[in-house]
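To start, the structure under review is shown below, and the notes come after it.
The values are calculated or read from the model by the stated rules, or taken from the named source; none is laboratory data. Computed from a prediction, not measured in an experiment: that's the story for all the values here. Don't worry about glycine lacking a Cβ; one is built from the backbone with ideal geometry, like all the others, and counts go over all protein chains shown.
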Amino acid sequence: MVAATGVGAGDLVATLIAGSRFGYALLWAAVLGAVLKIALAEGVGRWVLSSGRTIFDGWSSLPGATLMGGRLNWAGVYFGLYVVVWGFVYGAAAMTATALPLAALVPLLDLKTWGILSGLAGLGMVWFGNYRLFETVMTALVGVMFVTVVGLAIIVTPDLPRLLTGMWPTLPPGSVFYTLGLMGGVGGTITMAAYGYWLNAKGWRGPAWIGVMRIDNRIAYGVTGLFVVAMLIVGAELLHAGGIALAGGERGLLDLDRVLRDRFGQLVSVMFLIGFWATSFTSLLGVWQGVSLMFADFTAHLAGRSADEGARGDRSPAFRAYVLWLTLPPMLLLFMDRPFGLIVAYGVLGSLFMPFLAGTLLWLLNSSRVPPEWRSGWVSNLLLGGAAVLFAILAGRELVGLFSG
């Protein structure tokens, strides 16, 4: 669930562009990025299962000035600001990304209408369904993603010897920030923190489940890495070889669709658009469900209720309120240019989340809050520390771009 939610249409475009510009030279960065995401998600899962506490409960236990009778510290203030601003902007972005392939497949409705219908579909599914339904739908959509994305890589016929050379770390001229983005940008942000809530919803509780969680996590991000490699192959073989450039953002996938239609025909084009839709809708649905659980936990802490109540709060008023927040107000952004100040706030808070997650996991997993046998070893600390540094550099780049341009 967490890996499928984290891989969105924008991630696929970023990987395609890296492949179209540098061929297979950055394959090693994609693989390393998957390893870093395994370490981050494993840290979230190990914290929840070994401590019996949610990730927000862990953040609430960090030292620092507190508000509201000690129930909200600096980490809670940051998360509260982040989840409100991020949710508003992300809601519009997710609905637009899901609408793009639908509008291309069925042009009877315009982009805005498909976006609204997509948001309402996600709302209805998490409002009236339960975790079992959510997991079943997500699993089916991951199957569609796998067939279309990996199938597309097979169709374009990768050059395997040249592909293998990409595992040797190199940095072609002008590739530094593409490399960092490839390592850090694919596989989720706040949804990685939602992993612990889905473990609870699945019924995996206590240290006995850590071994199963690790297998689950490695398979999930192994598949994520496979998606990234597949799109890198498409970028290298179809775009790099042909000197074709894509537009930035999710609309770049519509450019790819036109290339596929010209090269392979209508059937491949339609299958690709279905995979594009599945990729976008899994991200939308995962956020509507997972981040709403986190918000329910956040409000449970503010109200002084048990963290466990928040972790299982998919029927709570706070859960439903946040799902509505993700769906209804962002529809206004579909009809107007997004306000500059809101975009700056979204960019600032969003760029800081991954270094925040990596840094706080380092803190929590090396503390007395975790039983000694489940604290981080040197490999986990090395990977989490590397992730913290990488995401801090990416955050700095994002902030410079926001305030200089």
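From the list 186, 149, 137, pick out the single residue that is touching a Ser or Thr at 6+ places or on another chain (Cβ under 9 Å) and modelled with pLDDT under 85. Explain how you work it out, then say what you get.
Details: 149 fails: modelled with pLDDT under 85; 137 fails: modelled with pLDDT under 85.
Of 186, 149, 137, the one residue that is touching a Ser or Thr at 6+ places or on another chain (Cβ under 9 Å) and modelled with pLDDT under 85 is 186.
When the residues of region 170-201 are narrowed to those that are out of contact with any Lys or Arg (no Cβ under 9 Å at 6 or more places or on another chain), crowded, with 17+ Cβ neighbours inside 10 Å and of a type in the set (Ser, Thr, Tyr), which ends up farthest from residue 48 (Cα to Cα)?
Step by step, filter region 170-201, then rank; the result is 179.
Checking residue 381 against (1) free of Cβ contacts under 8 Å to residues at least 60 places away in the same chain; (2) in a loop (DSSP other than H, G, I, E, B), which single condition isn't satisfied?
For residue 381, the failing item is (2).
Considering (1) surrounded by 19 or more Cβ atoms within 10 Å (Cβ to Cβ); (2) closer than 17 Å to residue 276 by Cα; (3) not charged (D, E, K, R), say which one residue 111 fails and leave the rest.
So residue 111 meets the others, but not (1).
Could you check region 130-169 and list, in sequence order, the residues that are surrounded by 16 or more Cβ atoms within 10 Å (Cβ to Cβ) and either in contact with a His (Cβ under 6 Å, 6 or more places away or on another chain) or assigned to a loop (DSSP other than H, G, I, E, B) (or both)?
Those that are surrounded by 16 or more Cβ atoms within 10 Å (Cβ to Cβ) and either in contact with a His (Cβ under 6 Å, 6 or more places away or on another chain) or assigned to a loop (DSSP other than H, G, I, E, B) (or both): 156, 158, 166.
Quickly run through region 146-181 and pick out the residues that are among the aliphatic types (A, V, I, L, M), in contact (Cβ under 8 Å) with a residue 12 or more places away in the chain and under 27 Å from residue 262 (Cβ atoms).
Scanning region 146-181 gives 147, 149, 150, 152, 153, 155, 156, 163.
If you take the residues of region 354-378 that are part of a loop (DSSP other than H, G, I, E, B) and free of Cβ contacts under 8 Å to residues at least 40 places away in the same chain, which of them is surrounded by the most Cβ atoms within 10 Å (Cβ to Cβ)?
Of region 354-378, the ones part of a loop (DSSP other than H, G, I, E, B) are 366-371, 375-377.
Next cut, free of Cβ contacts under 8 Å to residues at least 40 places away in the same chain only: 366-368, 375, 377.
Details: 366: 15, 367: 14, 368: 7, 375: 17, 377: 9.
The selected residue is 375.
Considering only residues that are surrounded by fewer than 23 Cβ atoms within 10 Å (Cβ to Cβ) and either among the β-branched types (Val, Ile, Thr) or touching a residue at least 40 places away in the same chain (Cβ under 8 Å) (or both), which ones fall in region 261-272? Reasoning before the result, please.
Of the residues in region 261-272, the ones surrounded by fewer than 23 Cβ atoms within 10 Å (Cβ to Cβ) are 261-271.
Selection gives 264, 268, 270, 271.
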